[in-house]
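> Take this structure, written in structure tokens, and hold onto it; I'll ask about it next.
The values are calculated or read from the model by the stated rules, or taken from the named source; none is laboratory data. None of the values given here were measured: they were computed from a predicted structure. Because the Cβ atoms are built from the backbone with ideal geometry, glycine has one as well, and the counts that use them run over all protein chains shown. Calculation scope for accessible area: heavy atoms of the full protein, side chains included, ligands and nucleic acids excluded. Shrake-Rupley method; radii C 1.70, N 1.55, O 1.52, S 1.80 Å.
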Amino acid sequence: MITRTQVDHLLHFPSGESLVTSCYLNLDRSKYPPQMLKIRAKDLLQSAQQELPARSGSHAQRESLRGDFERIEEYVVQEIGANHHRGLAVFSSSGQKFWQTYALPRMGRNILIADPDPYIRPLAAILAEYHRYGVVLVDRVMGEVFEVYMGEIVARSDVIADVPLRVKEGDRGARDERNIERRRAQAVHQHFQRLADETFALFKRDKFDYLILGGHRDLLREFKQDLHPYLKKRWVGDFQAEPCKMSPSEVLSHTLEIEDQVEWEHEKQLAEEFETPGFVCYHCHYTSLSEDMCPQCRKRLEPCRDIVDEAIELALTKNCQIEHVRGPTALRDAGRMGALLRFHS
């Protein structure tokens, strides 16, 4: 699983004398058979190998790149045979003993770049489309904490409590029974606090976006009271579970069901935020925020519920590339839409 720590290390990797090789590969077997994928990857790397003698830079830089290309080729051939990832990103600097790999759900085209800094733009664009989930299974005597990201699940922590067993009615005196039940309730509460602390520790380390809980409904209501306020804000759903009997694959299945609903709501909210009323000329597709005359055909503009859709449709007819920008960027405060214009003489 791709971790926040791994990505942070890549983002803050210091530039050195040796360059960093960034390699992105499309490994989609629905488009190419495995043997063709290997050939395409080898061709890309061997072409880069042949260009090394003419490349500027020191002998140490060229040798570092040579080591990068050889190691990446060996790794990719093994990956194609052993796994079924649709995309792969590899970052290597032999001279600085740096190596990272990322299995990706897709990749558009093969890319190979050697530069002082890792080329992370394609990776960042893909990672930005997915949210990280913390998942906690809650029981009176045990708890499990998982992390789910990009369809993968990893167990992060187990918490087991020393809870006194229940006594059968009549086995002891009423006073002893009350004392045992009081100690039992106190032990369960302490167990919930420890489990909540473990969950918050995971959040501080990996900063998951949402929290999902599994267990019996009455226990989950009790457990939520011990959650840190930050975690309460990230809670998005529960599922019924018997923690001691549930496998990680079953936990993942329940989590993905809730994730689908959360992501749908998220996309719906984004769509509502990007919906902008305005005016449009349906003859030549000119759009405007103000009611006026079309500067191209001089017809009066008509009201339009969402000029963003109209602008996207026009851009597609002109063979423009559409990019979705997520997060609090400067574009949000500048009308939520922009364009890069290139003129050719």
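> For residues in the range 100-115 being more than 15 Å from K31 (Cβ to Cβ) and touching a Cys at 6+ places or on another chain (Cβ under 9 Å), which is surrounded by the fewest Cβ atoms within 10 Å (Cβ to Cβ)?
I113
> Testing R109 on (1) assigned to a loop (DSSP other than H, G, I, E, B); (2) basic (K, R); (3) closer than 16 Å to S18 by Cβ, one condition comes back false. Which one is that?
Unmet for R109, out of (1) assigned to a loop (DSSP other than H, G, I, E, B); (2) basic (K, R); (3) closer than 16 Å to S18 by Cβ: (3).
> Please list, ordered by first then second residue, the pairs with beta carbon atoms under 7 Å, 6 or more apart or interchain, first in the range 258-280 and on the phi < 0 side of the Ramachandran plot and at pLDDT 85 or above, second open to solvent by less than 50 Å² (accessible area, probe 1.4 Å) and part of a loop (DSSP other than H, G, I, E, B).
F279/L301; V280/L301
> Inside the range 240-254, can you point out the residues that are open to solvent by 40 Å² or more (accessible area, probe 1.4 Å) and touching a strand residue (DSSP E or B) at 6+ places or on another chain (Cβ under 6 Å)?
P248, H254
> What residue, of V236, V188, is out of contact with any strand residue (DSSP E or B) (no Cβ under 9 Å at 6 or more places or on another chain) and crowded, with 17+ Cβ neighbours inside 10 Å?
V188
> Please work out which one of (1) in contact (Cβ under 8 Å) with a residue 40 or more places away in the chain; (2) over 17 Å from I2 (Cβ atoms); (3) among the β-branched types (V, I, T) is the condition V135 fails and give its number.
(2)
> If you go through the range 138-155 one residue at a time, how many are part of a loop (DSSP other than H, G, I, E, B) and farther than 13 Å from M1 by Cα?
Adding up the residues that qualify gives 3.
> Sticking with this one: Looking at the range 10-28, which of its residues are open to solvent by 60 Å² or more (accessible area, probe 1.4 Å) and not small (G, A, S)?
Hits for the range 10-28 are L11, H12, P14, E17.
> Inspect all residues belonging to the range 117-124 and state whether any of them is basic (K, R), more than 20 Å from K31 (Cα to Cα), touching a Leu at 6+ places or on another chain (Cβ under 9 Å) and modelled with pLDDT under 90.
Scanning the range 117-124, I find no residue that is basic (K, R), more than 20 Å from K31 (Cα to Cα), touching a Leu at 6+ places or on another chain (Cβ under 9 Å) and modelled with pLDDT under 90, so the answer is no.
> What are the residue pairs meeting all of these: first residue in the range 228-243, first residue within 14 Å of L202 (Cα to Cα), second residue part of a strand (DSSP E or B), Cβ atoms under 6 Å, and 6 or more apart or on different chains?
Pairs that qualify, where the first residue is within 14 Å of L202 (Cα to Cα) and the partner is part of a strand (DSSP E or B), are L231/L211; R234/Y210; R234/L211.
> For the range 180-276, please list each of the helices (runs of 4 or more DSSP H) lying entirely inside it that holds at least 2 residues being among the aliphatic types (A, V, I, L, M).
Of the helices (runs of 4 or more DSSP H) lying wholly inside the range 180-276, those with at least 2 residues that are among the aliphatic types (A, V, I, L, M) span 217-224, 248-274.
> Continuing with this model, one more query. Of all residues in the range 29-76 being modelled with pLDDT under 90, more than 27 Å from the chain's Cα centre (by Cα) and assigned to a loop (DSSP other than H, G, I, E, B), which is surrounded by the most Cβ atoms within 10 Å (Cβ to Cβ)?
Among them, the one singled out is G57.
> Related question: Restricting to the range 86-99, name every residue that is in contact (Cβ under 8 Å) with a residue 40 or more places away in the chain and either buried (at least 19 other Cβ atoms within 10 Å of the Cβ) or over 17 Å from M1 (Cα atoms) (or both).
Across the range 86-99, the qualifying residues are G87, L88, A89, V90, F91, S92, S93, S94, G95, Q96, F98.
> Residue by residue through the range 77-95, note down the ones that are part of a helix (DSSP H, G or I) and among the hydroxyl-bearing types (S, T, Y).
Selection gives S94 alone.
> State which residue is farthest from the chain's Cα centre (by Cα) when the search covers only the range 301-317 and only residues that are farther than 18 Å from A339 by Cβ and open to solvent by 30 Å² or more (accessible area, probe 1.4 Å).
E302
> Those residues that are open to solvent by less than 50 Å² (accessible area, probe 1.4 Å), out of contact with any Lys or Arg (no Cβ under 9 Å at 6 or more places or on another chain) and either part of a loop (DSSP other than H, G, I, E, B) or at pLDDT below 95 (or both), I need them from the range 125-136; list them, please.
Of everything in the range 125-136, those that are open to solvent by less than 50 Å² (accessible area, probe 1.4 Å), out of contact with any Lys or Arg (no Cβ under 9 Å at 6 or more places or on another chain) and either part of a loop (DSSP other than H, G, I, E, B) or at pLDDT below 95 (or both) turn out to be L127, H131.
> Pick out the one residue from R298, R342, R326 that is of a type outside the set (A, V, I, L, M), loosely packed, with under 13 Cβ neighbours inside 10 Å, assigned to a loop (DSSP other than H, G, I, E, B) and modelled with pLDDT of 85 or more.
Just one listed residue meets the conditions, R298.
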